[in-house]
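The values are calculated or read from the model by the stated rules, or taken from the named source; none is laboratory data. Bear in mind the structure is a predicted one, so any value in this text is a computation, not a measurement. Here the Cβ positions follow ideal geometry from the backbone for every residue, glycine too, while neighbour counts run over all protein chains shown.
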Amino acid sequence: MELDSTSDFSGTVYKMSWVAYIKPVLIFIILFCIAVSMAHSTNHIWEILGAILMLVCLANFVCQTMFIWGAKIIVNDDGVWFFRGIFPWTKGAIGTAWRDMADAEYFTGFVSWLVKSYRIRVAHRFTKTSEIIIPHIRDGNKAVIQINEYLRSKYRDRE
């Protein structure tokens, strides 16, 4: 899907928060420590398996980090779109056009408020299976406010 960049409503981009990186970092540290302990074994097979596990951990960590870094929400005249993927066969977008959107909401909590990272939900008017739910959006509260204000302005123009 190609988005029109010449529309009146300039698109706003919202990226993932730093909080999204915590889980991949913790998993990397734990698995890498296990791999290092395996590599320091006296058994040659365990040394090789430990080295392979280190490489796999590093490659997985790099891919997850790139995935999070590349994920973004774009709000423009066409609707709300979530772009993700790092490899050509994994790149894609999901989204909802304004005419099909019910509303947007974000989920609060002390930690979300403290780190300004929110889980947002963009509801579809006709089906619950087409909802967009994305965790760890930096300033997701502002994204939701922008989406709902734009929806209200579109419906107000019709009346």
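The table below lists the values:
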item	result
Where a residue in the range 108-134 is in the same structural domain as TRP81 (by TED's automatic domain parsing) and its partner, wherever it lies, is part of a loop (DSSP other than H, G, I, E, B) and among the hydroxyl-bearing types (Ser, Thr, Tyr), with Cβ under 6 Å and at least six apart	SER117/SER17
Matching residues in the range 94-130 - criterion: being part of a helix (DSSP H, G or I) and either among the aliphatic types (A, V, I, L, M) or over 16 Å from the mean Cα position of the chain (by Cα) (or both)	TRP98, ARG99, ASP100, PHE110, VAL111, TRP113, LEU114, VAL115, LYS128, THR129, SER130
Condition broken by SER130, with the remaining ones in (1) hydroxyl-bearing (Ser, Thr, Tyr); (2) in contact with a His (Cβ under 9 Å, 6 or more places away or on another chain); (3) within 19 Å of LYS23 (Cβ to Cβ) satisfied	(3)
Some residue of the range 64-78 being more than 19 Å from PRO24 (Cα to Cα), without any contact (Cβ under 8 Å) to a residue 40 or more places away in the chain and not in a loop (DSSP other than H, G, I, E, B)	no
